[in-house]
Amino acid sequence: MAADLSATALEEGGPIWAASLGKVWMQPAVGAAWECVWKDPRWNVPIISLYADGRRLLGVAADGGMIEGIPS
């Protein structure tokens, strides 16, 4: 993954999440390949906070915008 990361979240025994400008990445297990799981080229502010609890992923942007997803 070649991106400027702005936030990360770790789930105990689960995936690792990372955000960059307009994208959210997930690594399902240590050493596995990173996958882009969400992207929006219109998203023009960095995601500065991620929260993951196994049931949902929440991201907060620098301007207060939020994204929410349910990992599958």
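Here are some notes:
- Comparing GLY59, GLY14, GLY31 in a Gaussian network model of the chain (Cα springs below 10 Å), the most mobile by mean-square fluctuation is GLY31.
- Among 5-12, 64-71, the order from most to least packed when residues are scored by Cβ within 10 Å on average: 5-12, 64-71
- Listed options for semi-axes √(5λ) of the Cα gyration tensor in Å are (i) 42, 13, 7; (ii) 19, 14, 10; (iii) 53, 15, 4. The value calculated from this structure is the one marked (ii).
- Among VAL30, VAL60, VAL45, residue whose mean-square fluctuation peaks in a GNM of the chain (springs only between Cα atoms under 10 Å): VAL30
- Less than 5 angstrom separates the built amide H of TRP25 from those of ALA18, ALA19, SER20, VAL37, all sequence-distant by 5 or more or on a different chain.
- Relative contact order of the chain, pairs being alpha-carbon contacts under 8 Å that are 6 or more residues apart, as %: 24 percent
- Among ALA61, ALA32, ALA52: highest mean-square fluctuation, GNM of the chain, C-alpha pairs under 10 Å: ALA32
- The chain - charge dipole about Cα centre, Lys and Arg +1 at Cβ, Asp and Glu -1, debye rounded to 20: 160 debye
Read-outs throughout are calculated quantities, based only on the coordinates presented, and are distinct from any laboratory measurement. Remember, predicted model here, so these are calculated numbers, not experimental data. Cβ coordinates were reconstructed from backbone atoms using ideal geometry, including for glycine residues, and neighbour counts include every protein chain displayed.
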